[in-house]
Each structure stands twice: as structure tokens, then as C-alpha cells.
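The values are calculated or read from the model by the stated rules, or taken from the named source; none is laboratory data. Since the structure is predicted, the reported quantities are computational estimates derived from the model, not experimental observations. Cβ atoms come from the backbone with ideal geometry, glycine included; neighbour counts cover every protein chain shown.
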Amino acid sequence: MTDTNDSTDSVGDADSGQEEADGTASDGGADSPLDDVLLDDIEDGDADEASQGLFDDLLSGQPIFENKEVLRPSYTPRKLPHREEQINSMATILVSALRGDTPSNILIYGKTGTGKTASAKFVSDELERTSQKYEVPCEVEYINCEVTDTQYRVLAQLANKFIDKNEAAIEADLDRLRSLRERGRTNADALAETEYDSVEAVEDRIEALEADLDSFEDVPMTGWPTDRVYNSFFDAVDYRERVVVIMLDEIDKLVEKSGDDTLYNLSRMNNELENSRVSIMGISNDLKFTDFLDPRVKSSLGEEEIVFPPYDANQLRDILDHRAEVSFKGDALSDDVIPLCAAFAAQEHGDARRALDLLRTAGELAERDQTDEVEEDHVRQAQEKIELDRVVEVVRTLPQQSKLVLFAIILLEKQGVHNINTGEVYNIYKRLCQEIDADVLTQRRVTDLISELDMLGIVNAVVVSKGRYGRTKEISLSVPVEETEAVLLSDSRLGDIEDVQPFVQARFDN
Ligand SMILES: Nc1ncnc2c1ncn2[C@@H]1O[C@H](COP(=O)(O)OP(=O)(O)OP(=O)(O)O)[C@@H](O)[C@H]1O
Ligand SMILES: [Mg+2]
């Protein structure tokens, strides 16, 4: 209370001009309501001062970043060093679309972070821009199959996009025709040099277009039979003459989730389309996914293949140099920062995304330290932080049974048990399952789950020989206990079994 009084006073003093003005107003009014307003005003002023104190330091100096957005994954760079060859290959194939021919289908491969999506988007922007410039009807549709992962959704999304485009084109035509009709009515010459020889002909065309417009029906996101969705898409594409390039990014996710029917249907469309042509560009970081395709789909889709090799440390350095120029303040980076980010990311199979993440995170850590220079040590801390974030994400998305197995291992580690064996894990795992009414898997299955956790780098399981007692696995945790446990307990069902601790303890006392 005294605090409020004090600060009200000080604001009043500092801002006496303001107070006088308010005071005059308050003289004119009755009494308390205006006093309230006055008090509110002063308290607001007080709050303003407090927030200035809170954010001032952080805001005033921004010594590190010029434009952080440039380092985010969502940013599409206008320049892609070391991808000229791949970009030219794509362009050489797709240029047919600008000549009105059907480009070959293309399959793009490469490990994660090798610039596939960025290059494909760059080429697609250029293609559309050029098609507008020369007024050739060519359209590119980009679909991320990680998000749009069923045949229904892919076809529905495509259908609705082309329905929208058709509607927009018809509206534009109608505007033009309606004004032509008006001019034609007052002056017959207006129709000269048009394809219409009478106002009635214009009228007929207008009516036909209006009927078309009425006939379009957006595809709902669920509920129709798939062949109806396909027909909608087919009709929408074929409504006008054009070449359509469909980019299916993360195409392996679509095949994994819902088979190759979509690709089969899309790759056969050209046999039946009358006005338009469709070409497919598939992008994948899983080199093996074509093994699961119908041979006809596989050969059609892979007419042309373009490989994106991993970047080496020098190439990553160039990429980072380019991006850093725009994203960081003049001399915010000490000399060894970019080479170190590049070296770390080169070890991660040449992943440019990782390199950019490292650079951005290092900058953020320096910002938090309130220094004006990013240093080598910030990069090392960033590497640790990103690694921990990765672990958290992997653990968070584990299936429940794996989470239970991992939780059992964590409980044992926390009891100080060394060289944990499968039997010990299994005993605790069973009790945890009972605790939350989950199915109890066989010990054999649990052994498999432990191997999976090993492959994910979460635990380390080595097979050791116990001489004549046979062989067993010795298991230890490869990730930080506290953080991992916290992630597990944030799962609503596992969160309930926190009190199992004493019971685990009791088992060891026995
Ligand atoms: N040659 C390059 N120049 C500049 N930035 C690049 C380059 N290659 C990749 N990047 C950047 O690296 C990040 C990852 O690239 P991109 O998303 O294209 O990878 P990807 O090959 O599609 O990976 P994934 O298989 O995981 O989808 C993006 O932020 C992208 O802008
Ligand atoms: Mg990608």
C-alpha cells in the first residue's frame, strides 16, 4: 500500500503539468468517478514506468541481430549457394511447361537439410513468374505431404485450389464481358475485333460462365467418396488449358501413411486430360521409399532423378556467410563462430538446417549474456542445447509402451543401480503398467523396445557375456536423467505414477 502511495506521489511530482490539466477537469466534475479516472491514469503512468524498467535494457541495445527472421527455417533465401547444378537441372526439365509441353516427372532425393525444399520453392517461384511474364498458362502447386498425408486430403486440397483459380479467372472474364455487353448495347462497333458478333453472343457467353461458376462445389475436408474428390480435382484442372506442376514434398510420408494410390492416380491423369497436362515433382529424404511403389508408379515418377548431396564444411560456411551478412549486426560474430557452426553441422551429415539453427541459437545465447559479440563458446552451448531439445522431442513422441520402459530404466538409474539388466527393467515396467492399467508386453517385446531406445540414442545397451550364465544386456541412460524424467512425467498418464517411487525403493530393500 505504501508503495503505491509513494509511486503515485513521485509520478505526480515528475508529471506535474499532466496533473494540473487533469485537476482542472476534475474541478468541473462532480466528485468520485473522476477521482477514479485520475487515479487510474496515474497508476497507468506508474505501470508504464515499471515496464520501461523491465524491458528497457533488453530493448535499447540490440547488438547482435539485425534481422533474426533470416535465420529461421520458414525464410526462403533468394540465393542458394552450391545448389546451382540442381536448380539448373530442375529448370531444364521444367522449361517444357513454358513451351506448353508436359515436363517429365522428377524425383528429388537427398538427406535432411540439403536444400531440397528451398531449391524447389525457388524454382517454382521463378517458373510462375516467368509464366506470368510471357502469359503462358503454367501453374505450380506445392503440397507438404507431412501435413497433407492422405489421398483424400491431397486431392481435396488440389481440387479446392484449382476451383479457386477457376473462379477467379471466371470472375475476371465476367467483368470484361459485362462491360463489353454494355458498350455493345450503345455502340455496335464495340464488338468489332472481338470473337463475338452480337450482343446476344456476349450474353450467351456470360450465362454459360455464370452457370459454370454455380456448378463449382468446394470439396469438404472429409466425407466424400474418394473418386468423387478425384473427379472434382480432374474437372477443375481440365477446365482450362494449362500445364500444372504438382510438387509433393516429403512424398515418402504420403506413401508410408496411405500407400501409392494417389501417385498412381496422378501419374495416369495425362491419358485422360483434354485441355491440361499434369507433371509431378516428388521430394524425399528417404532414399528407399520407392521400393514400396507399384513398378508402374515407380518408373513414371522417376523419369528424371536429381540428387542433393550433403554439404561439406566449406559449403556450409559459404551458406552461413551469406545468411549472416543480413541477419547479424556488422561485427557481432567473432571469427571462429561460422567455421565452428559449419564444422558441427558437417558432422551431422552436412545439414544446413542444423548449421543455421546453431548460428541462430548461438546468437540468442550471446544476446541473453548481454554481450555484443557471439563467441565460440556460445556455439558450443548452442550445440548442447539443440542436442537436448532433440532428446526432449524424441522422448515426448515415443509410444506409451516405450515411455514406460524408459521410465523403468530412469527409476533404476535414480536408485543408483549400475549395469541395469533387462530382467530388472522388466520387473519395474510390469508394475508401472499395472499402476496405469496399460497392457503388459512380454519380456521379449520389452527387449526389442530397449533396442529401439538404443537406436534412438536414448539408452546405451551392450550385450555382455556372463560366462556359463549366458548373456545379458547391460543398460544405461545416454541422456540427462532429470530432463528426460520431466518429459515423461508431462505425459498425462505417466504423470499419475509419480508416487511409485517408494514402491520401487521397497523392491530393492527386499
Ligand atoms: N544452399 C543453401 N543456401 C542457403 N540456405 C540453404 C541452402 N541449403 C539449405 N538452406 C537452408 O537450410 C534449411 C534447410 O533446407 P531445406 O528445408 O531446403 O532442406 P531439405 O533438403 O528440404 O530438408 P528435409 O529433407 O529435412 O526437408 C533452410 O532454412 C534453407 O533455407
Ligand atoms: Mg524439405
Worksheet item: Any residue in segment 342-353 that is surrounded by 18 or more Cβ atoms within 10 Å (Cβ to Cβ), modelled with pLDDT of 90 or more and in a loop (DSSP other than H, G, I, E, B)?
Response: yes
Discussion item. Could you tell me how many of the residues in segment 305-324 are surrounded by fewer than 16 Cβ atoms within 10 Å (Cβ to Cβ) and farther than 17 Å from A118 by Cβ?
Written reply: 3
Worksheet entry | I163 being within 16 Å of ligand 1 (Cβ to nearest atom) and modelled with pLDDT of 95 or more | no
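Restricting to segment 268-295, give me the number of residues that are more than 16 Å from ligand 1 (Cβ to nearest atom) and out of contact with any Phe, Trp or Tyr (no Cβ under 9 Å at 6 or more places or on another chain). Spell out how you get there, then give the answer.
At the first step, the residues of segment 268-295 found to be more than 16 Å from ligand 1 (Cβ to nearest atom) are 268-280, 291-295.
Now drop any that are not out of contact with any Phe, Trp or Tyr (no Cβ under 9 Å at 6 or more places or on another chain), which leaves 268, 270-271, 274, 277-280, 291-292, 295.
Summing the residues that are more than 16 Å from ligand 1 (Cβ to nearest atom) and out of contact with any Phe, Trp or Tyr (no Cβ under 9 Å at 6 or more places or on another chain) in segment 268-295 gives 11.
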Worksheet entry | Yes/no for V123 being within 14 Å of ligand 2 (Cβ to nearest atom), in a helix (DSSP H, G or I) and over 19 Å from the mean Cα position of the chain (by Cα) | yes
Worksheet item: From the list A486, A461, which residue is of a type in the set (A, V, I, L, M), free of Cβ contacts under 8 Å to residues at least 24 places away in the same chain, part of a helix (DSSP H, G or I) and in the same structural domain as L406 (by TED's automatic domain parsing)?
Response: A486
Fill in: Single unsatisfied condition, L287 versus (1) aliphatic (A, V, I, L, M); (2) surrounded by 14 or more Cβ atoms within 10 Å (Cβ to Cβ); (3) within 16 Å of ligand 2 (Cβ to nearest atom)
(2)
Worksheet item: For segment 81-109, how many residues are within 16 Å of ligand 2 (Cβ to nearest atom) and either at pLDDT below 95 or under 16 Å from L248 (Cα atoms) (or both)?
Response: 5
Worksheet entry | Selected residue [of a type in the set (A, V, I, L, M, F, W, C), outside the structural domain of Y429 (by TED's automatic domain parsing), at pLDDT 95 or above and touching a strand residue (DSSP E or B) at 6+ places or on another chain (Cβ under 9 Å)] from L406, L359 | L359
Fill in: Near pairs, Cβ below 6 angstrom, 6+ apart or cross-chain, from segment 283-305 (more than 13 Å from E256 (Cα to Cα)) to any residue that is β-branched (V, I, T) and away from ligand 1 (no atom under 16 Å from the Cβ)
E304/I93
Worksheet, complete the sentence: Note: among A190, A236, just one is touching a Gly at 6+ places or on another chain (Cβ under 6 Å), more than 16 Å from ligand 1 (Cβ to nearest atom) and part of a helix (DSSP H, G or I), namely A190
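Yes or no: R317 outside any loop (DSSP other than H, G, I, E, B), at pLDDT 95 or above and not aliphatic (A, V, I, L, M)?
On the way: outside any loop (DSSP other than H, G, I, E, B): yes; at pLDDT 95 or above: yes; not aliphatic (A, V, I, L, M): yes.
Yes; evaluated as a whole, the condition is true for this residue.
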Worksheet, complete the sentence: When segment 286-311 is checked residue by residue, the ones that are among the hydrophobic types (A, V, I, L, M, F, W, C) and part of a loop (DSSP other than H, G, I, E, B) are L287, L293
Worksheet item: List the pairs whose first member sits in segment 333-350 and is more than 15 Å from E373 (Cα to Cα), whose second member is surrounded by fewer than 20 Cβ atoms within 10 Å (Cβ to Cβ) and of a type in the set (A, V, I, L, M), and whose Cβ atoms are under 9 Å apart, counting only residues at least 6 apart or on separate chains?
Response: P339/A313; A342/A313; A343/A313; A345/A313; A346/A313; Q347/A313; G350/A313
Worksheet item: When only residues in segment 137-153 that are in a loop (DSSP other than H, G, I, E, B) and among the acidic types (D, E) count, which is farthest from the chain's Cα centre (by Cα)?
Response: D149
Discussion item. Looking at the structure I just gave you, is E424 touching a helix residue (DSSP H, G or I) at 6+ places or on another chain (Cβ under 9 Å), acidic (D, E), buried (at least 16 other Cβ atoms within 10 Å of the Cβ) and more than 15 Å from S476 (Cβ to Cβ)?
Written reply: no
Item to complete: Please enumerate the residues belonging to segment 313-327 that are in contact (Cβ under 8 Å) with a residue 12 or more places away in the chain and either charged (D, E, K, R) or over 19 Å from P81 (Cα atoms) (or both).
Response: R317, D318, D321, R323
Fill in: Identity of the residue in segment 71-109, assigned to a loop (DSSP other than H, G, I, E, B) and without any contact (Cβ under 8 Å) to a residue 40 or more places away in the chain, that ends up surrounded by the most Cβ atoms within 10 Å (Cβ to Cβ)
Y75
Worksheet item: Among T112, T117, which is the only one that is within 14 Å of ligand 2 (Cβ to nearest atom), closer than 30 Å to A313 by Cβ, at pLDDT 95 or above and surrounded by 15 or more Cβ atoms within 10 Å (Cβ to Cβ)?
Response: T117
